[in-house]
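Heads up, the thing below is written out as structure tokens.
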Amino acid sequence: MTGNGRRRIPIPLKFRAAAALVAASLLTGCGALPGATGGSREPVTVMTWAPEDTKATNMPGMPAMAEAYARWANSRGGLNGHELRVITCNEGNTATGAAACARKAVKEQVAAVVGSYSQHGRTFMAILEAARIPYIGGYGLSDEEFTSYLSYPVNGGQVALLAGNGIQLAASCERVSLVRPDTIAGDYLHALLNSGLTRSKQREAYDIPAAEDAGEYAAVASRSRKRAGKERGCVTAALGERTAHFFDSFRRLPSDGRDVRVSSVLGSVDQMLVDRTGGASGPFEGAYITGWYPDAGDPRWQPMRQVIKEHAFGDNRIDPADAGVQTTWIAYTVLNQVVAALGDHEVTPGRIALTLDRGLTVDTGGLTPELRWRYEDMLGTPGFPRIVNREVTFQVVRKGRLVAQKSGFVDVGPTLLDARS
């Protein structure tokens, strides 16, 4: 009898041997227990969302890059032995779409949302925070990406681009017109551009709001050219995908003898757009462009290009020169290094966030400065406290190619502090 009064029933020897074999199979080979060393590990599931097939900005290359990255990672044994599973979602450029994607991420119990694009941070971050899901390497459009304790940005967002664009234009332009979206996200762009201009002792730009989804911009283009003045005038536009429509309207304006230079930021203008609009003979020849990363021809992008070549299978949604594709690559580089740092531990949203909060340093191969999200690494500017990468690059279109205007990175941190103080 046992201590509780029940009779112990003897187990035949052959059944005891079979049970031992089953236990052994669970501890070795492909039946390894989660977290056990020497065998396969639990998959890591993440989500990447971006708008597709909308009337405004579309970023289909971001989820496509995420899928290609997963194929590449899994061909090499996964992330530290974990199969990488990527779920994609069409955010649709609407608050409703962003909320739906965030709720899907919660339902699918993803470990993180990685390399995504949305201007509706107020909507999606609240849902992710409630589920404690980290947001790694968003495109940088919304304030919440730089304020939420669960957001880990890899660039300085639109704020860094506009501040940097002001610095870039100040050296060549007497008057500047800014054409930007007539949206909440676009309202602060004027002050940011001005911070760069005034820091370099130039006058403030004229602020010209425009509809984000307009079919043509003739009236806006005419106004922007007039405001830029007659000599050394510049027009800069940050309308996302609609920037091309604006500059198409701009180049169709009847000549009035003004020599006005055009400018923009990466994400609104890229190499594909320059090619599509005529290259060296198009409207962007000589244009000043501010970006987050080295120009697309830089050899530091070669690992990404190799992955696209071998694992995108000719997917024409992926343009290696696209800032969204580049941001997604960097965001998944962060995820890869986080999972490696976790070692044998289970990969969970909480562990990912804790690893980043405790100061994991991420090496992006020179595409950004080393990234680290400790409190002391953050810029701390009001409104955008979680910026850790305050560097931008200056590029220019020469002979139809986007190339570096100035080598290396430019620190816009002091400018951002001025703008938000």
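Residues that are open to solvent by less than 20 Å² (accessible area, probe 1.4 Å) and under 19 Å from the mean Cα position of the chain (by Cα) within segment 282-305 comprise 289, 290, 291, 292, 293, 294, 301, 304, listed in sequence order. Can you find a residue that is open to solvent by less than 40 Å² (accessible area, probe 1.4 Å), assigned to a loop (DSSP other than H, G, I, E, B) and touching a strand residue (DSSP E or B) at 6+ places or on another chain (Cβ under 6 Å) anywhere in segment 65-74? Looking for residues that are open to solvent by less than 40 Å² (accessible area, probe 1.4 Å), assigned to a loop (DSSP other than H, G, I, E, B) and touching a strand residue (DSSP E or B) at 6+ places or on another chain (Cβ under 6 Å), one finds none in segment 65-74, hence no.
The set of residues in segment 161-215 that are open to solvent by less than 40 Å² (accessible area, probe 1.4 Å), small (Gly, Ala, Ser), assigned to a loop (DSSP other than H, G, I, E, B) and more than 21 Å from residue 260 (Cα to Cα) comprises 185, 186, 214. Looking across segment 100-134 at every residue that is assigned to a helix (DSSP H, G or I) and open to solvent by less than 30 Å² (accessible area, probe 1.4 Å), the one that is farthest from residue 344 (Cα to Cα) is identified as 121.
So in segment 163-196, with the set limited to residues that are among the aliphatic types (A, V, I, L, M) and out of contact with any Gly (no Cβ under 8 Å at 6 or more places or on another chain), which one is modelled with the lowest pLDDT? This residue is 185. Considering (1) of a type in the set (A, V, I, L, M); (2) outside any strand (DSSP E or B); (3) touching a residue at least 24 places away in the same chain (Cβ under 8 Å), the lone condition that residue 403 does not fulfil carries the number (2). Picking from 35, 97, 77, 81, which residue would you name as being at pLDDT below 95 and open to solvent by less than 60 Å² (accessible area, probe 1.4 Å)? Every option except 35 fails the conditions. Are any residues in segment 113-135 of a type in the set (Val, Ile, Thr) and touching a Gly at 6+ places or on another chain (Cβ under 7 Å), and if so, which ones? Once the filter is applied, which keeps residues that are of a type in the set (Val, Ile, Thr) and touching a Gly at 6+ places or on another chain (Cβ under 7 Å), segment 113-135 yields only 114. Taken together, the criteria place residue 271 among residues that are open to solvent by 10 Å² or more (accessible area, probe 1.4 Å), within 24 Å of residue 412 (Cβ to Cβ), in contact with a strand residue (DSSP E or B) (Cβ under 9 Å, 6 or more places away or on another chain) and not β-branched (Val, Ile, Thr).
Restricting segment 314-357 to residues that are of a type in the set (A, V, I, L, M) and open to solvent by 30 Å² or more (accessible area, probe 1.4 Å), the residue that is farthest from residue 90 (Cα to Cα) is 341. Return yes when residue 57 is within 31 Å of the chain's Cα centre (by Cα), part of a loop (DSSP other than H, G, I, E, B), at pLDDT 50 or above and crowded, with 19+ Cβ neighbours inside 10 Å and no when it is not. In short, yes. Across segment 391-400, the number of residues qualifying as in a loop (DSSP other than H, G, I, E, B) and open to solvent by 50 Å² or more (accessible area, probe 1.4 Å) comes to 1.
Does residue 249 meet the test of being out of contact with any strand residue (DSSP E or B) (no Cβ under 6 Å at 6 or more places or on another chain), free of Cβ contacts under 8 Å to residues at least 12 places away in the same chain and more than 19 Å from residue 174 (Cβ to Cβ)? No; evaluated as a whole, the condition is false for this residue. Among the residues of segment 370-419, the one identified as farther than 27 Å from residue 335 by Cβ, hydrophobic (A, V, I, L, M, F, W, C) and in contact with a Leu (Cβ under 6 Å, 6 or more places away or on another chain) is 419. Of the listed requirements (1) hydrophobic (A, V, I, L, M, F, W, C); (2) in a helix (DSSP H, G or I); (3) at pLDDT below 95; (4) buried (at least 20 other Cβ atoms within 10 Å of the Cβ), residue 141 misses just one: (2).
Here residue 235 qualifies as in contact with a Ser or Thr (Cβ under 9 Å, 6 or more places away or on another chain), buried (at least 22 other Cβ atoms within 10 Å of the Cβ), at pLDDT 95 or above and not in a loop (DSSP other than H, G, I, E, B).
The values are calculated or read from the model by the stated rules, or taken from the named source; none is laboratory data. All of these numbers come straight from a predicted model, not from anything done at the bench. Every residue, glycine among them, receives a Cβ derived from its backbone with ideal geometry; neighbour counts consider all protein chains shown. The area values use the complete protein model at the heavy-atom level, side chains included, leaving out ligands, DNA and RNA. Shrake-Rupley method; radii C 1.70, N 1.55, O 1.52, S 1.80 Å.
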